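Here's the structure, in structure tokens; my notes come after.
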Amino acid sequence: MKQPNGQQIISLFEQWAPKSLAVEGDSIGLQVGTLNKPVSKVLVTLDVNPQVVQEAVELACELIIAHHPPIYRGMKNMRTDLPQGRLVEQLIKHDIAVYAAHTNLDIATGGVNDLLADALHLKNIEIMEQTSAERLMKLAVFTPKESTEQVREALANAGAGQIGDYTNCSFTSPGEGRFKPSASADPYIGKANELAVVEEDKVEVVFPISIKNRVLKALLTSHPYEEPAYDLLLMDVEVNEKGLGRIGTLPNPVTLSEYAQTVKQQLQVPFVRVVGPLDKTIQKVAVLGGDGNKYIQTAKRAGADVFVTGDLYFHVAQDAEAIDLAVIDPGHHIESIMKTGVADYMNTACNEKKLACSFIPSKLSTEPFQLI
């Protein structure tokens, strides 16, 4: 096993939840300390408070990955006689870096909202509010027949040719290639200043535009020709849709009262607030971790019978009631589901990469509310 540094750990994490997924203006990324140091233990937490910092110290963690950024609004000073300055001081004293992954982790496939949807027994899960997607490109390359397979394999290994749940997708058609090498060329086939006629294959694959450079590098590395002939086409097709919230269906319809009990049990909260008739039949469920007040209409347009989200405002609850959308509010703290989710994902990823680093979910609750 290899000892990684913080940069390698975060690079691996951002392959899952890249910064580009975050909504505009979100305070994400490295917030305290440096990643240019060895990291063997990482504490995963919802929030960073003095108790969490002490937990990290006791566990000898060099890095904290938090969902909620500890520095969300710009700091005008670093006064250590005030809570935020004192928190940063303790982190620096113990050389603990803090990295925040907020809406990018909400949006990422397998991130906070997918974890919540799975916990709530949803099936046929879709994105509730799309925030991004990318265009497909098509590559058509001409290759001598004896090299067709190696080129196809190299393109597939670079990520080209994935369509839905299928990989290594391509189309190959035979033909004749004609070219005349110049006197200064170094041709793989043919001679200088002589017209060559070669049996070739045309290989076509599609791929998302974000991996174009990687695919072209694989092509040029695997192709035997000095100057391969290829076409690139930007398609009017979008893939890799990402977004906030999830919407899905329950295996069987239940009442709002019954499903509220399921939410309490599955998300391990002491109580929920409910809007809507308790005997209403529920089967289509929308869920959004954190504050979902802005997405009441979105959930309704998506056809949800109930919207599970936190921090519901009084007047927004009345608005939901008016449009016949039931709401279950289990609080903001349900996003703590990310602690185990991130730790499990990153422990698996590090094991696959043979990196000697362990991820530990915080055992502390940062829920500020008490039920009396």
Tell me, in nm to one decimal, what length is gained between Ile323 and Val197 on full extension, where the rule is 0.36 nm per residue of separation less the Cα-Cα distance?
38.4 nm
The stretch 135-203: radius of gyration and largest Cα-Cα distance (Dmax), Å
14.8, 48
GluC sites (Glu not before Pro) within the stretch 14-114: DSSP coil, no more than 14 neighbouring Cβ in 10 Å
Glu24
Going highest first, how would you order 240-253, 69-82 by mean Cβ packing within 10 Å?
240-253, 69-82
Residue separation times 0.36 nm, minus the C-alpha to C-alpha distance between Gln130 and Leu371: what's the value?
83.2 nm
Could you tell me the extents of the stretch 160-250's C-alpha atoms along the three principal axes, largest first, rounded to whole Å?
69, 24, 21
Select from the stretch 321-370 those trypsin sites (Lys or Arg not before Pro) which occupy a DSSP coil region and have at most 14 other Cβ atoms within 10 Å, ordered by residue number.
Lys354, Lys363
For Met78 and Glu58, what does the FRET efficiency come to when R0 = 35 Å and r is the distance between their Cβ atoms, rounded to the nearest 0.05?
0.90
With the 8 Å Cα cutoff and a minimum separation of six or more residues, the chain has a relative contact order in percent of 20 percent
What are the extents of the Cα atoms of the stretch 1-85 along their three principal axes, in Å, largest first?
43, 35, 21
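Packing-wise, with mean Cβ within 10 Å as the measure, how do 149-161, 122-134 rank, highest first? Numbers along the way, then the final one.
Details: 149-161: 19.1, 122-134: 16.0.
Those peptides, ordered most packed to least, come out 149-161, 122-134.
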Per residue, accessible area of the chain with a 1.4 Å probe, heavy atoms of protein chains only, in Å², comes to 53 Å²
Difference of contour (0.36 nm per residue) and Cα-Cα distance, Lys212 to Ile163
16.1 nm
Cα Rg, Dmax (largest Cα-Cα span) when computed across the stretch 48-169, Å
23.2, 73
Roll a 1.4 angstrom probe over the protein heavy atoms and tell me the percent of accessible area of the chain that is carbon or sulfur.
49 percent
Over the stretch 45-140, what is the relative contact order in percent, taking alpha-carbon pairs closer than 8 angstrom and at least six residues apart?
25 percent
Report the label-to-label distance for Gln51 and Ser20 in nanometres (one decimal), using points 7 Å from each Cα along the Cα→Cβ vector.
3.9 nm
Relative contact order of the stretch 92-251, defined on C-alpha pairs under 8 angstrom at six or more residues apart (%):
41 percent
Which whole-angstrom value gives the distance between the alpha carbon centres of the stretch 112-162 and the stretch 33-61?
34 Å
Relative to the longest principal axis of the C-alpha atoms of the chain, give the angle of the C-alpha long axis of helix 256-267, reported between 0 and 90° and rounded to the nearest 10°.
70 degrees
GNM on the chain, Cα springs under 10 Å; top mean-square fluctuation among Ser27, Ser362, Ser210 goes to Ser210
Of all alpha-carbon pairs in the chain, indicate the percentage at a distance above 37 angstrom.
38 percent
Distance between the stretch 288-332 and the stretch 87-102 - C-alpha centres, whole angstrom:
34 Å
Using only helices, what value at 222 nm comes out for the chain when you add -39,500 (n - 2.57) per DSSP H run of length 4 or more and divide by the total residues, to the nearest 500 deg cm²/dmol?
-8500 deg cm²/dmol
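The values are calculated or read from the model by the stated rules, or taken from the named source; none is laboratory data. Since the model is a prediction, treat every value here as computed from it, not as a measurement. Cβ sites come from the backbone with ideal geometry, for glycine too, and all protein chains shown count toward neighbours. We work out accessible area using only protein heavy atoms, side chains counted, and drop any ligands, DNA or RNA first. Shrake-Rupley method; radii C 1.70, N 1.55, O 1.52, S 1.80 Å.
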